[in-house]
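Heads up: the structure comes next, in structure tokens.
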Amino acid sequence: MEIHDAQLQAVSEKLQLQPDQVLVDVGGGTGRFSEQLFNCAQLNNRVICVEPNEEMHEKAKQRKGVIPVLKTAEDFFRDPLVLNRFDRVLFVQSDHHLREPLSVFRDLERSLRPDGVCSIWQLKSHSCFQMFSDVAAAKSYPSDRHVETCRILKEANFEVEMSWVHLQYGLTKSKLYSMLRGRFITNLYALNDQEIEEGIATLERTKLKFVHEDDVIENKASYVVIQAKKMNNNLGKLSSCDGLSLYSVLLLIRQLAQLCPHTRGNSRLVSFHVFQDKMAEEEVTNTVEEPLDLIRLSLDERIYVKLRNDRELRGKLHVSCSSRSSTLVRISPRNDNP
């Protein structure tokens with residue numbers, strides 16, 4: 001059984017996937033594991049497989065139950081369209097590729113719905129890989145990387161828990177060689193094809209000299225699993241480099257509608273009003289059904305937003321943009337009328 005097959009049950013249990021949930025697999029490669037999770041959890045929504053490698057992305061497009069997205073994690077979670085969209089986000093041996101982990105995790109936190117979870121799997125030991133790395137140039141990642149990951153996630157406003165998962169499985173020697181050539185562990189991408197073949201040849205002359213092609217080799221893999229849960233007392237944040245678009249305000253309102261206690265049941269926001277100044281008579285109106293990027297507000301301006309449904313006022317919000325807070329937009333309840 002391949003390492004991906006051995007992981008499937010363990011990952012499903014950690015994620016506690018429900019059929020109606022939306023899952024993102026970051027660094028999902030060819031989409032094979034995403035497809036397996038889709039089928040195993042009997043999801044109603046296809047798994048979003050985020051992968052920046054074009055060759056892998058093309059292979060993922062052939063998978064059933066997968067939505068391939070050709071983007072880096074930075075670009076994917078930075079998009080305001082993903083605000084409050086996902087229930088689960090998964091990294092399996094892929095978080096070390098993040099160029100700006102704190103920025104990504106902050107954006108990721110905003111993309112999660114209430115009680116959303118980001119699950120990060122970091123490989124700490126793998127007997128077959130260790131056997132190969134002993135005779136090749138492959139290197140393991142720092143063993144204390146999980147400590148820094150937990151620190152960054154807490155800074156990004158997550159509740160963080162860490163645990164160990166130990167997996168055992170067997171595979172034939174021929175399958176092991178196939179997995180090595182296919183770079184089944186991200187560490188192997190540091191080697192070119194010739195270096196991998198030289199490592200396999202060394203195994204053939206030494207440790208696996210008397211092992212037949214169909215003989216089963218027992219393997220053990222250990223992971224640190226970091227579960228980062230969205231804290232639901234966070235009303236909403238949005239990164240914005242040049243300003244705040246009206247469409248971004250809409251997305252924030254939709255998130256707040258689910259978090260604020262004064263919103264009852266499944267009531268739908270029908271319209272909202274944006275006032276560029278406290279005393280301004282002119283207002284810009286838009287509906288949830290047809291959001292448009294109508295205006296753009298620069299930093300240091302303030303806008304006042306009313307939440308409405310068909311018949312009654314649901315609540316009031318004060319959106320403050322300040323240059324002192326750099327690119328961060330904060331939202332808080334406001335009780336007085338604009």
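Computed from the coordinates by the stated procedures, all read-outs in this text should not be read as laboratory data. All figures in this text were calculated on a predicted structure; none of them were measured in a lab. When we count neighbours, we look across all protein chains shown, and the Cβ atoms used for this are built from the backbone with ideal geometry, even at glycine.
Figures for the structure shown
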| read-out | value |
| --- | --- |
| Residue match in region 1-14 (condition: polar (S, T, N, Q) and part of a loop (DSSP other than H, G, I, E, B)) | no |
| Test: Leu15 is surrounded by 19 or more Cβ atoms within 10 Å (Cβ to Cβ) and of a type outside the set (S, T, N, Q) | yes |
| Single unsatisfied condition, Gln18 versus (1) part of a helix (DSSP H, G or I); (2) more than 16 Å from the chain's Cα centre (by Cα) | (1) |
| Filtered residues of region 177-202 (kept if of a type in the set (A, V, I, L, M), loosely packed, with under 15 Cβ neighbours inside 10 Å and touching a residue at least 40 places away in the same chain (Cβ under 8 Å)) | Ala190 |
